[in-house]
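Every read-out reported here was derived from the displayed coordinates using simple, explicitly stated rules and does not represent laboratory data. What you see is a predicted model; the values in this text were computed from it and never measured. Methodologically, a virtual Cβ is constructed for each residue, glycine included, from the backbone with ideal geometry; neighbour enumeration extends over all protein chains shown.
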Amino acid sequence: MRSFATKTFHRLRRCQSGNTVLMVALGLPALLGATGYGVDTAQWYMWQRELQHSVDQAAIGGAWARAYDNASTQYTTRAEQEYYANQVLTAGFDSAPVVSLASYSGGSNNSVLVSASVTRTLPFTGMLLNRSTTIVARAQAAYKAGVHYNACLITLKEDGTTFEVGGNAHVIANCGLAALSCGTEAILIDGSATVETTSIATCGGATVPAANQAAVSENLGQGVLTDVYADVPVPKPDASTPTRSYACTGSGSKRSANLLPGLYVGGITVKCATTFSPGIYYIDGGVFDMSTNDPVVGTNVLFVLRKGAQIKLGGQGGTGSVNLTPISAAALQGTPYAADADRLSQMLFIEDKTGVSSPVDHQINGNTNLIIQGVVYLPNGNVKINGDSGTKTDLCFQVAAYTLNIAGSAYLRTLCDYDASSQLGASKPDVRLIA
């Protein structure tokens, strides 16, 4: 009996039939678990990808909204729109996105932060863990607003050195300096000159004293700065425009000239106390000379320089003054320029370069009380400022010329606010995903 049992156990020990079934039975739970986990993991991955893409686009969209308007609260709406537009697979069980501002790289509230989550019970992990699975995605996009470039002293020539300040010149123009030139030295300020300004912008390069370096925005490239007055229509005389001439009446200290709007051929040379009545004055050729130290007054006027007419503003050391204010929009109603009245009302001088083949030289000279307002727009003019020529009162005027040279001991002051001066353009805003 014992021999039989021993032989039977030895035979069973050597037998290998059924081993595979046993191994499969033992490994089946692990195989099924791995398969279930793999299916759930693939599902998590799909959810994560879609959710991350949604918050990425939401952060970028919100950042663009802030880049174009830093004070806007619409970034939240824009971010939510982008988020929901990218939701497909997880649209039915995602959380609402949480949108907020965050500081980045030393800035203050200069990025948009978006986070969202999805929560759902999956077949295998839900059974195994007895709970649902939550996936969270987060994105952050930094933004940089475009920079607006304003200026009240502007040069329009697009190459070479066009804006020079030299000698012991003193310029006060916190409303900004700008040059449309893309030359390597578009703006050149001599080291002995003094310039007080908040902004110096140029398509090309600028050479300025160390004191002005912080104000410089250079190498902006073509298209950023533009001539904002280029499309302002230049008034033209017609058959009804009277031709007039300049003449003084009276004698001695009482000599005076009272001029009316119209066409003045060959220019005007001020020879006595002169008053310009309101309206448009067309100067056809010659020199419009107000540098003779005789007082000049003109309120609600617009001077149109035609056929290469030159201007000379400023005295030669006497006590004369020039006091001019631009035409009002109301004065242009009922004229062919009524539709452009608001823009023309900014102008004091406007140059018509039609038919003029080369730039015209203009001068602002001497010691004078130059009390002017509005825009001196000379797109074909090389303007040179010499001597103590500048307003002594708190007035705002702007000069936009082909070139501008402020030399010698020139003094030029314009007190326009930066935000009230001409907006020449802006750099593009920038947005990038950082997390």
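Data table
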item	result
Length gained when the stretch A247-S132 is fully extended (0.36 nm per residue, less Cα-Cα span)	31.7 nm
FRET E, pair L260, D361, Förster distance 35 Å, beta-carbon r, rounded to 0.05	0.80
Under 23 Å from K236, Cα to Cα: lysines that are on another chain or at least 8 residues apart	K307, K312, K353
H362 long-range amide H proximity, modeled H, under 5 Å	N382, V383, K384
Using θ = phi - 60° and Karplus 6.51 cos²θ - 1.76 cosθ + 1.60, couplings along the stretch 407-422 (whole Hz; Gly, Pro as x)	10, x, 9, 4, 10, 9, 10, 10, 10, 5, 6, 4, 5, 9, 7, 5
Packing-based exposure ordering (other Cβ within 10 Å, fewest first) of D417, D294, D238	D238, D417, D294
Rounded to whole Hz, the Karplus (6.51, -1.76, 1.60) HN-Hα couplings of the stretch 230-245, x for glycine and proline	4, 9, 6, x, 8, x, 10, x, 10, 4, 8, 6, x, 8, 10, 9
Exposure proxy ranking, count of Cβ atoms within 10 Å, fewest first, for Y229, Y45	Y45, Y229
For the stretch 107-118, 3J(HN,Hα) per residue [Karplus equation, 6.51 cos²θ - 1.76 cosθ + 1.60, θ = phi - 60°, Hz, x = Gly/Pro]	x, 10, 6, 9, 8, 10, 10, 10, 9, 7, 8, 10
Among 243-249, 46-52, the order from most to least packed when residues are scored by Cβ within 10 Å on average	46-52, 243-249
Difference of contour (0.36 nm per residue) and Cα-Cα distance, R120 to S277	48.3 nm
Cut-off under 5 Å, modelled amide H: who pairs with I372 long-range	L324
Fewest-first ranking of R255, R432, using other Cβ atoms within 10 Å as the exposure measure	R432, R255
Calculated FRET efficiency for the pair D417/V228, C-beta based, R₀ 25 Å, to 0.05	0.90
Interchain or long-range residues, amide H under 5 Å from T269's placed H	D289
At R0 = 30 Å, FRET efficiency that the Cβ-Cβ distance of T299 and T198 yields, to 0.05	0.50
